[in-house]
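K.L.:
Below you will find the structure I want to go over with you.
What follows is calculated from the coordinates using simple rules that are stated; it is not laboratory data. Because the structure is a prediction, the values reported are computed rather than measured. No Cβ is skipped: glycine too gets one built from the backbone with ideal geometry, and neighbour counts run over all protein chains shown.
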Amino acid sequence: MGGPGNGGREQSYEELRASEELHRATLGNISDAVFMADDSGSFTYVCPNVDVIFGFTPNEVRAKGRLDAIFGEDLFDAAELSARGEIQNVEREVTVKDGSRRNLLIHLKRVSIRGGTVLCTCRDITELKNTERQLALARLELAHAGRLALVGELTTSIVHEIQQPLTAIAANSEAATIHVSRLPESERGEVGAILADIQEATASAAEIIDRLRGMARKRPVEAQPVDLNELVAGVIRLVSADALRRRVRVSMETSGPLPKIPADRISLQHVVLNLVMNAMEAMEHLKGSREVILGTRLADGAVELSVRDCGPGIPADMLPKVFDAFVTTKREGIGLGLSIARSIVEAHRGNISAENGAQGAVFVIALPLT
């Protein structure tokens, strides 16, 4: 009777020992840091790989004594942790051994393990936060570029609209001046002086318009070698949060590596971002699957980018003039986004077109290799 019992206990001990070895190996090789503390916040356990994040050895951490020596004061509310059982996604910036600052994402759980009541796991998200900041700066830069392009496009359109009636005023005032000059001097009265004032004011206005036209003229493209695949991947990262909110899947299809093209990266990013945002907005009221596919390929001495959605498509009467200024299907749009996109693409000696695919709209941009 005793033999089998002892054998069972030995097997249980062996299984327990193997389980503990597995846990030690796991905790020693993960990138997260794991701590346990008692109700007072004093350490009861420190994982062996704590130096990966903090630079301190486990003994150096234990010597600090408490959680708040590592994470700072008020990491969590003990009553809240007891009531909820766990607290997730606490962000904290800490100073590590070499003096640098690291961003951590901390998860706290109520436990009861060998005197430990608080299980604390933390992950280093410094690179993620840096990437988020870079993406935010890129968004601001793109938005600024878009506003500048919008101002230029608006100025050009306004100048064009004003120039026509101004030319008519100048021509009519000159004709009137000629007509008045043929009258006897006694009949001219003050009309001649009034017409002279009109002509002078018209000339001043024309000069102002010429200066505005010069200011609104598109700046030269600052061409640098650009990998279209990398640019498209960057735009997808930029819109990822917005796409998630809109429940849209944004994906990329490519035929493989592409030769770099001479392009102004910021301007070209603005075009692609505009097309993707338009595609997502077009599917706003769509029920079912929402998807935007960005495809890249090499075609006839040019790199080609297509942006496809599964929305309602472009109305047939709008299709021929979709790139014209002030033409829009949006209730609150002003119709300059695609006009600006065409201007930027043409400044790169490329072309942009639009059509309706089997489902939704398809925009295609072709940019020459040289």
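K.L.:
Could you tell me which trypsin sites (Lys or Arg not before Pro) in the stretch 231-263 are loop residues by DSSP with no more than 12 other beta carbons within 10 angstrom of their beta carbon? Walk me through the numbers on the way to the answer.
P.N.:
Details: sites: R237, R245, R246, R247, R249, K260; in loops: R247, K260.
Passing sites in the stretch 231-263 are R247.
K.L.:
Between A358 and A241, what FRET efficiency follows from the Cβ-Cβ distance if R0 is 25 Å, with the result rounded to 0.05? Provide the component values of the computation, followed by the final result.
P.N.:
Values: r = 29 Å, r/R0 = 1.17.
My answer for the efficiency is 0.30.
K.L.:
Assigning unit charges at the beta carbon (Lys, Arg +1; Asp, Glu -1) and nothing else, what dipole magnitude in debye, to the nearest 20, does the stretch 31-124 show about its Cα centre?
P.N.:
Numbers: 12 positive and 15 negative charges, 49 e Å.
The dipole magnitude comes to about 240 debye.
K.L.:
Count neighbours as other Cβ atoms within 10 Å of each site's Cβ, and list the GluC sites (Glu not before Pro) in the stretch 67-128 that are DSSP loop with at most 16 such neighbours.
P.N.:
Values: sites: E73, E80, E86, E91, E93, E127; in loops: E73.
Loop-located and lightly packed - E73.
K.L.:
Below 11 angstrom from the Cβ of R110, what's the summed charge of the other residues (Lys, Arg +1; Asp, Glu -1)? Could you put the intermediate results ahead of the total?
P.N.:
Values: positive: R84, K109; negative: D39, E80, E86.
So the environment of R110 carries a net charge of -1.
K.L.:
Net charge near Q199, counting Lys/Arg +1 and Asp/Glu -1 over other residues with Cβ under 14 Å of its Cβ? Numbers along the way, then the final one.
P.N.:
Details: positive: none; negative: E174, D197, E200, E207.
It works out to a net charge of -4.
K.L.:
Residue by residue through the stretch 46-55, which ³J(HN,Hα) values in whole Hz follow from phi under the Karplus form 6.51 cos²θ - 1.76 cosθ + 1.60 (θ = phi - 60°), with glycine and proline marked x?
P.N.:
Here the 3J(HN,Hα) series is 10, 5, x, 9, 4, 5, 4, 9, 9, x Hz.
K.L.:
For the stretch 31-124, report the translational diffusion coefficient in µm²/s to the nearest whole number, using Stokes-Einstein at 20 °C, 1.002 mPa s, and a Kirkwood Rh over Cα pairs.
P.N.:
Working: Rh = 13.2 Å.
Rounded, D is 163 µm²/s.
K.L.:
Roughly what would the spin-label model give for E86 and L319, points 7 Å off Cα along C-beta, in nm?
P.N.:
5.3 nm
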